[in-house]
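J.: One structure, as structure tokens, below. Some questions next.
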Amino acid sequence: MLYKNYIKRLLDFTIAFIGLICLSPIFIIVTIGLYFANQGKPFFFQARPGLNEKIFNIIKFKTMNDKKDANGNLLSDAERLTPIGAFVRKTSLDEIPQLINVLKGDMSLIGPRPLLPQYLPLYNETQKRRHKVRPGITGWAQVNGRNAISWQKKFELDVWYVDNISLILDIRIFFLTIKKVFVREGISQDGQATMEMFNGKN
């Protein structure tokens, strides 16, 4: 409990602060590249539920443009994913701005990934427990399949993490995440740029 309630937050803030300083050259280069690729919009902001389902705005690099079809509807994720965006996503560089969320206390370095607010009414009582801790940039589900596993499996892994959170487990997830970044696996489901929407059953 000492680690979960106090030490984890201290480590999050310290590592995120150092990480932003060390990654600032990459941060600047990617920002410039995406600025030109996305018509002056290098960042993506979206509401997500955090600790105890409190809503916050997550910050990520914008990897998809805003192109629409003849009816004014956004094209599919795969069609809107820009070449530089694909590279940024495959190398997980799109996650770097979330270090700002960690500094603010919205997120942790490690925890269940924050999903969309519209999913909140769809969770069962067990799945809701994923919000008992701060959401993370990476997590137990991410190193065990990321977007390539089913929603049900992902939620099982998230809840398992909540029940077993520890310094040793976080260290293990940290190094497994580094491995996943280099292997570049589980980034998407077949035929999808990321993953299909959760409907409460899938």
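J.: For Val143, work out the one condition from (1) modelled with pLDDT of 95 or more; (2) farther than 23 Å from Lys41 by Cβ; (3) among the aliphatic types (A, V, I, L, M) it doesn't fulfil.
T.: Result: Val143 passes all but (1).
Residues checked against (1) under 11 Å from the mean Cα position of the chain (by Cα); (2) open to solvent by 10 Å² or more (accessible area, probe 1.4 Å):
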{"site": "Asp77", "(1), (2)": "no, yes"}
{"site": "Gly85", "(1), (2)": "no, no"}
{"site": "Pro97", "(1), (2)": "yes, no"}
{"site": "Val102", "(1), (2)": "no, no"}
{"site": "Asp106", "(1), (2)": "no, yes"}
{"site": "Pro114", "(1), (2)": "yes, no"}
{"site": "Lys128", "(1), (2)": "no, yes"}
{"site": "Lys132", "(1), (2)": "no, yes"}
{"site": "Ser150", "(1), (2)": "no, yes"}
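J.: Right, here's the next one. Residue pairs, Cβ under 7 Å, 6 or more apart or interchain, first in region 15-29 and closer than 16 Å to Lys104 by Cα, second outside any loop (DSSP other than H, G, I, E, B) and β-branched (Val, Ile, Thr). List them.
T.: Final answer for the pair search is Ala16/Val102.
J.: Which one of Phe13, Phe61, Phe43 is open to solvent by less than 40 Å² (accessible area, probe 1.4 Å), of a type in the set (Phe, Trp, Tyr) and either closer than 20 Å to Leu115 by Cβ or touching a Leu at 6+ places or on another chain (Cβ under 9 Å) (or both)?
T.: The match here is Phe61.
J.: Just give me the residues in region 144-181 being of a type in the set (A, V, I, L, M) and assigned to a helix (DSSP H, G or I), in sequence order.
T.: Ala148, Leu157, Val159, Val162, Leu167, Ile168, Leu169, Ile171, Ile173, Leu176, Ile178, Val181
The values are calculated or read from the model by the stated rules, or taken from the named source; none is laboratory data. Every value quoted in this text rests on a predicted model; they were computed, and no experiment measured them. Because the Cβ atoms are built from the backbone with ideal geometry, glycine has one as well, and the counts that use them run over all protein chains shown. We work out accessible area using only protein heavy atoms, side chains counted, and drop any ligands, DNA or RNA first. Shrake-Rupley method; radii C 1.70, N 1.55, O 1.52, S 1.80 Å.
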